[in-house]
Amino acid sequence: VKMDHSFGMARVEILCKKCGQHLGHVFDDGPLCGDTHKEAGKRFCVLSYLCGYLVWLPIALLPWLTGRDFRLYALIALVFVSNALFGFAQPAGISWMTDLVPEYIRGRFSGRRNALAGIAGLVLTLIAGKFVELPPQLRSFALLFAFGTLCGVAAVVVLGMTPEPPMATAPALPLRRF
C-alpha cells in the first residue's frame, strides 16, 4: 500500500507484497463527486430530475418545426436524453428515500407508492391518448408535453423541499486485508 499522486489525484495504490505489481487503487467513497455539502445526493437527484423534465419543452415545440423526418429523429433523441437524465437521478432518489423511510415500513411504503404510481400512470395515459386524438393532433401533443413539463417542475419543487437525513459515514476500509 502506498500513496499515488499521479494524474493530479491523491489515491491509495495497492501493490503485491511479493513482486510489487500494481493491483489497483482504493478511492474514497465519500460524498458525490467530492462534494462536501451534506445535501449532495439530494441536489444531484433534484437537478437531474429538473433537467429531465426541462428537456420536454423542446419536445413540446416539435410540431412547429419543419421536416417530418427531422421531428421524428429529434423526438427520439430528446426522449433518450430525458430518460438518461431520469436514469441518473433514480439511484440517488432511491438512496435518498431509503434514508428517509424507516426500515420497518419501507416495504409497505414502496409497495403502496408503486401501486398508486402505476394506477395514476395508467389512468393518465388513457386520458392523454384520448386528448392527443383531438384535432389538431400535433397541437394536442405539444400541449400534453407542456403540461407534463409544468407538472414535472412542480414535482421537483416539492421534492426539493423534502429534507435529507444526515449522511451516514461508512467505516474506513482496513487496508491490511490487501
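Determine which member of the set Ala128, Ala77, Ala120, Ala115 is touching a residue at least 12 places away in the same chain (Cβ under 8 Å) and either of a type outside the set (Ser, Thr, Tyr) or within 17 Å of Thr149 (Cα to Cα) (or both).
Ala128
For residues in the range 143-178 being within 22 Å of Leu100 (Cβ to Cβ), loosely packed, with under 11 Cβ neighbours inside 10 Å and not hydrophobic (A, V, I, L, M, F, W, C), which is modelled with the highest pLDDT?
Among residues in the range 143-178 that are within 22 Å of Leu100 (Cβ to Cβ), loosely packed, with under 11 Cβ neighbours inside 10 Å and not hydrophobic (A, V, I, L, M, F, W, C), the one modelled with the highest pLDDT is Pro163.
Here are some conditions: (1) modelled with pLDDT under 70; (2) more than 30 Å from Phe147 (Cα to Cα); (3) surrounded by 13 or more Cβ atoms within 10 Å (Cβ to Cβ). Gly41 meets all but one. Which one does it not meet?
(2)
Keeping to the range 72-84, report how many residues are more than 21 Å from Val157 (Cβ to Cβ) and open to solvent by less than 60 Å² (accessible area, probe 1.4 Å).
Number of matching residues: 6.
Residues Ile59, Ile119, Ile105: which one is over 20 Å from Val157 (Cβ atoms) and open to solvent by 60 Å² or more (accessible area, probe 1.4 Å)?
Values: Ile59 fails: open to solvent by 60 Å² or more (accessible area, probe 1.4 Å); Ile105 fails: open to solvent by 60 Å² or more (accessible area, probe 1.4 Å).
Answer to the check: Ile119.
The values are calculated or read from the model by the stated rules, or taken from the named source; none is laboratory data. Source: prediction; values computed, not measured. Glycine gets a Cβ as well: all are built from the backbone with ideal geometry, and neighbour counts include every protein chain shown. Protein only, heavy atoms only, side chains kept; ligands, DNA and RNA dropped before computing areas. Shrake-Rupley method; radii C 1.70, N 1.55, O 1.52, S 1.80 Å.
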